[in-house]
Structure formats: structure tokens, C-alpha cells
Amino acid sequence: MKITVLTLFPELFEPYITTSIIKKATLQSYVSIECINIRDFTLDKHQRVDDTPFGGGAGLVMKAQPIMDALDHVRTPDSHVIYLTPVASTYTQVKAKELSTHQHLILICGHYEGVDERVLSMVDDVISIGDYILTGGEVAAMVVMDSIIRLIPGVISSESIISESFEEHLLEYPQYTRPEEVRGMKVPAILLSGHHANIEQYRKEQSLLKTMKYRPDLLLKAKLNEKDRKFIQKHVNKVEK
Ligand code: ADE
């Protein structure tokens with residue numbers, strides 16, 4: 001997969017793409033990432049990338065021409081073009097999976113009050129990462145890239161992907177590692193028992209409890225068996241909010 005980021009601040013991406021799993025994914029050629037400076041596509045001598053909004057109002061709007069020309073420069077028939085904006089439906093793991101199948105993603109990062117609306121005529125998708133306003137699309141682009149790159153087969157173990165939160169619409173169960181006791185708090189004994197069926201059942205119940213506590217809305221979509229339903233009924237009044 002190739003990911004091209006169109007941004008006014010390519011330097012923001014440097015530490016992110018040269019660290020940890022993303023660095024490894026690029027070195028092992030699972031993904032190649034290029035960051036293009038939209039300012040390089042300005043045509044005036046002041047390299048102006050923004051201007052005041054027609055109709056008045058606060059702030060500055062990113063001009064269409066530099067973004068459109070940058071897009072023409074990097075786009076191929078295989079490209080899927082995404083604009084990061086709070087004015088879109090919210091990003092999910094399902095969307096991450098869908099995007100991880102594309103050959104080439106182009107992520108356009110807005111700044112200031114967003115981009116001239118006519119840029120949207122050239123994009124395939126708009127994505128918001130949540131109901132809050134960021135200073136620009138760069139952090140959102142990193143969130144989207146991160147969630148997609150880790151899904152590329154080989155980047156991380158496929159087992160980690162299968163058993164994680166949002167698979168089956170349940171939050172993930174709690175994890176523990178050595179030592180067995182930290183500041184008087186012990187690892188649940190069942191996890192040390194070596195009894196795989198009991199551990200699996202315990203983890204399922206912990207998943208249900210976490211989901212009941214933090215994301216009860218997800219339970220409507222989860223595939224629950226009779227045992228799960230009984231467990232929920234028994235614990236519904238005991239979950240602290
Ligand atoms: N740009 C500014 N806020 C954003 C958000 N919540 N999601 C995506 N892009 C953004």
C-alpha cells in the first residue's frame with residue numbers, strides 16, 4: 001500500500017513515520033508513505049495557501065488551486081482520495097478495514113477554517129475522527145493511517161487483530177503481565193490456572209462487563225449467546241458507571 005499525505009506541515013509526520021511499528025512497516029515495504037507540501041503548488045510569489053471567506057466570517061479558508069494541483073500531481077487511477085474534516089461521519093474500525101484494501105490512499109489535511117468547498121468535488125471520501133474540532137487534519141490523518149497500516153497483513157500478528165476491541169462489537173478484556181503482584185494488586189488467579197476454557201470464559205465475561213460499563217450501546221450489535229445474556233442480566237445493576 002502507498003499513502004500520500006497532502007499537508008502544509010509535512011514535518012509533523014516525520015517522527016511518527018520513523019518510529020516503532022510504522023517505521024518497521026515502511027522498512028519492510030508493507031507500506032510507503034510520502035508527504036507532499038501543498039505550499040509547493042502555489043503559483044503566486046508569496047506562496048499564499050489561504051484567503052478570507054467569501055460572504056465574510058472569521059478565519060481563513062485554504063485556497064482550492066494549490067490543493068487541486070497537488071492532487072493532480074499525485075493521483076493515479078488506483079488512488080482513493082480522502083479529506084479529513086469534522087464535517088463527515090465518524091471513523092470506525094469497519095471503515096479502517098475497508099480502507100486497508102486500497103492500493104493507494106491520498107489523505108488531504110485542511111487547516112484554519114477548512115478548505116474551499118470545491119476541493120470536495122475531487123475527493124472520494126470525507127472522514128471525521130470524532131465530534132471535536134482539531135486545529136488541522138494532520139493528527140486525524142495520523143489516526144487514520146495508523147489504524148489502517150496495522151491491519152495490513154504481516155505488520156502485526158493476525159492473532160492480535162482478531163481478539164481486539166470492536167471485533168464482535170465488544171470492548172477488549174483486561175490484560176496483565178509479570179509480576180503477579182503490583183502494589184498489593186494480584187493478577188486474577190484464573191489467568192494463572194492454565195485452564196484454557198475457564199480463561200476464555202473469564203475473558204468473555206470481563207469483555208461484557210467493560211462493554212456494559214463504557215459502551216452499552218455496542219451490546220445491541222454484539223452477537224450474544226444465551227449464557228452471555230444471562231450474565232448481562234445478572235450483572236446489569238452491579239456495573240459502576
Ligand atoms: N479536522 C479538524 N477536526 C477534525 C476531526 N474531528 N476529524 C477529522 N479532521 C478534522
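Computed from the coordinates by the stated procedures, all read-outs in this text should not be read as laboratory data. Predicted model only: the values in this text are computed from it and were never measured. Backbone-built Cβ (ideal geometry, glycine too); neighbour counts: all protein chains shown.
Less than 5 angstrom separates the built amide H of residue 35 from those of 5, all sequence-distant by 5 or more or on a different chain.
When the chain is treated as a Gaussian network with alpha carbon springs shorter than 10 Å, the biggest mean-square fluctuation among 227, 97, 23 belongs to 227.
So for the chain, Kirkwood radius off the Cα pairs, Stokes-Einstein at 37 °C and 0.692 mPa s: how many µm² s⁻¹? Show your work: numbers first, answer last.
On the way: Rh = 20.9 Å.
Here the translational diffusion coefficient equals 157 µm²/s.
Residues whose amide H falls under 5 Å from that of residue 8, counting only those 5 or more places apart or on a different chain, are 38, with hydrogens built in the peptide plane. Within the same chain, aspartates and glutamates fewer than 8 places from residue 97 are excluded, and of the rest, those with a Cα less than 15 Å from its Cα are 125, 146, 164, 167, 168.
Between the listed residues 119, 7, 161, the Cα displaced farthest toward the positive end of the dipole of the chain, a dipole computed from Cβ unit charges relative to the Cα centre, is found at 161. The alpha-carbon of residue 230 sits under 14 angstrom from the alpha-carbons of these aspartates and glutamates, leaving out residues fewer than 8 places away in its chain: 205. List the pairs from 186/234; 186/227; 23/213 whose alpha-carbon separation is above 29 Å, in the order I gave them. Cα-Cα > 29 Å for 23/213; rest within.
Positive end of the dipole of the chain (Cβ unit charges, origin at the Cα centre): among 104, 73, 88, the Cα lying farthest that way belongs to 88. Helix 138-149 and the longest principal axis of the Cα set of the chain meet at an angle near 50°.
Summing +1 for each Lys or Arg and -1 for each Asp or Glu, what net charge is found among the other residues whose Cβ lies under 15 Å from the Cβ of residue 116? Could you put the intermediate results ahead of the total?
Numbers: positive: 48, 63, 118; negative: 50, 51, 69, 113, 117.
Net local charge, residue 116 excluded: -2.
Dipole size of the chain about its Cα centre, with +1 on Lys/Arg Cβ and -1 on Asp/Glu Cβ: approximately 1220 debye, rounded to the nearest 20.
Each Lys and Arg contributes +1 and each Asp and Glu -1, all at the Cβ; summed about the Cα centre of the range 165-240, the dipole is approximately 200 debye.
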